[in-house]
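Working notes, beginning with the structure itself.
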Amino acid sequence: MRTKIVAGNWKMNLDVDASKQLAMDISVAIQNLETNNTRIIIAPTATNLYPVFHQPSMDSRVEIAAQNMHQAKNGAFTGEISAEMIHSVGITNVILGHSERRTYFNETDAALAEKVSTALQNNLDAIFCFGEVLEERQSNNHFKVVESQLQNALFHLNDSDWRNIVLAYEPVWAIGTGETASPEQAQEMHAFIRTVIAKKFGNTIAQNVSILYGGSVKPSNAKEIFSQPDVDGGLIGGAALNTADFVALIVAIQ
Ligand code: PEP
C-alpha cells in the first residue's frame, strides 16, 4: 500500500521562534487525530531545522525536511549545505528540484540527478519535484516535459533506491498562483507518471511510489484532489503556513 503524505514547504518564511511555534501548533492540533498511513512533513528553512526538530514534546508523527542541499559531499561551496550536514542534525528528508530552485537558481536535471544520489547515499529520503510551465501545457508538451524530467534526474537509480523516493508533481503554473490543476488534470498526469516509472522500473515500483500533487492546494479543494486514485497527497506552500489550513489538509486526506 502506498503511503499518503501531506508535506508543507515553508520556503523562506518564519524566523526561528515562529517556526518552532508553528511546528508546535501543528503538533498540538493533530494530537487526537488518527493519521493512519499518513506521513506529515514540514520543511522549515535551513537555520531552523535543528531547533524545530529538537523541540521537546513535538508529535513524533511530524517529520522534518530540508528544502534543498548541494550535490557535493563537502567543499568550497559558500552558502550551501550538504546532505551529511542535514542528516547530522537528525533530519531524514530533503525536497529537491522545487520549481523555485530550478527557476531562480538554475538547477538543472543533471545537477538534480546528482543531488538525488547524494541524498540517498546520506540516508535522506528525497522528495523530488518536477512539472511543466504554462507554455508547455498550452502547447500540449506537458507529458513530454515531465517524462524527460523524470528520465534525466531519476532513471540512473537502482530499484532499491525507490524505497526512499517521493515524487511531487507540481505544475509550475499552479504554484502560488491560486490556479489549481483540476482533479482530472492531476489524475491524468499522475497516472502518466506511473506508466513512465513502470516502463523503466516495473509495475511494483510504480505502484508503490507516492506521488504528491503541488500547486495551490487548500482546504477547499484538497478533498477532491486527494481522492484521485493516483494522487497520494500534497506538497503544500501557502496553506502550510497556517495551522488550521495545514491540519485541514491532513484531515482531508484521511
Ligand atoms: C509549492 O511551493 O510547492 C506550492 C505548491 O506552493 P502553493 O501551495 O502555495 O501553490
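Quick notes
- Inspection of the stretch 121-131 finds no residue satisfying the criterion of being among the small types (G, A, S) and surrounded by fewer than 19 Cβ atoms within 10 Å (Cβ to Cβ).
- Residues of the stretch 229-246 that are in a loop (DSSP other than H, G, I, E, B) and either within 9 Å of the ligand (Cβ to nearest atom) or in contact (Cβ under 8 Å) with a residue 24 or more places away in the chain (or both): P229, D230, V231, D232, G237.
- Test: K4 is among the basic types (K, R), touching a residue at least 60 places away in the same chain (Cβ under 8 Å) and within 16 Å of the ligand (Cβ to nearest atom): no
- Taking residues in the stretch 184-205 that are aliphatic (A, V, I, L, M), and partners anywhere that are assigned to a helix (DSSP H, G or I), the pairs with Cβ atoms closer than 6 Å and at least 6 places apart or on different chains are A186/I225; V196/E147; V196/L150; I197/A206; A198/A206; I205/W162.
- Members of the stretch 67-103 that are within 16 Å of the ligand (Cβ to nearest atom) and either among the hydrophobic types (A, V, I, L, M, F, W, C) or free of Cβ contacts under 8 Å to residues at least 24 places away in the same chain (or both): V94, I95, L96, R102
- Every pair of residues 6+ apart whose Cβ atoms lie under 6 Å, when the first sits in the stretch 131-155 and is free of Cβ contacts under 8 Å to residues at least 12 places away in the same chain while the second is of a type in the set (A, V, I, L, M): E136/V145
- Residue count, the stretch 140-176 (criterion: on the phi > 0 side of the Ramachandran plot and at pLDDT 95 or above): 1
- Evaluation of Q228 against (1) in contact with a helix residue (DSSP H, G or I) (Cβ under 8 Å, 6 or more places away or on another chain); (2) of a type outside the set (A, V, I, L, M); (3) closer than 19 Å to G8 by Cα (one fails), failing number: (3)
The values are calculated or read from the model by the stated rules, or taken from the named source; none is laboratory data. For clarity, every value in this text was computed on a predicted model and none was experimentally measured. Glycine also receives a Cβ, built like all others from the backbone with ideal geometry; neighbour counts cover every protein chain displayed.
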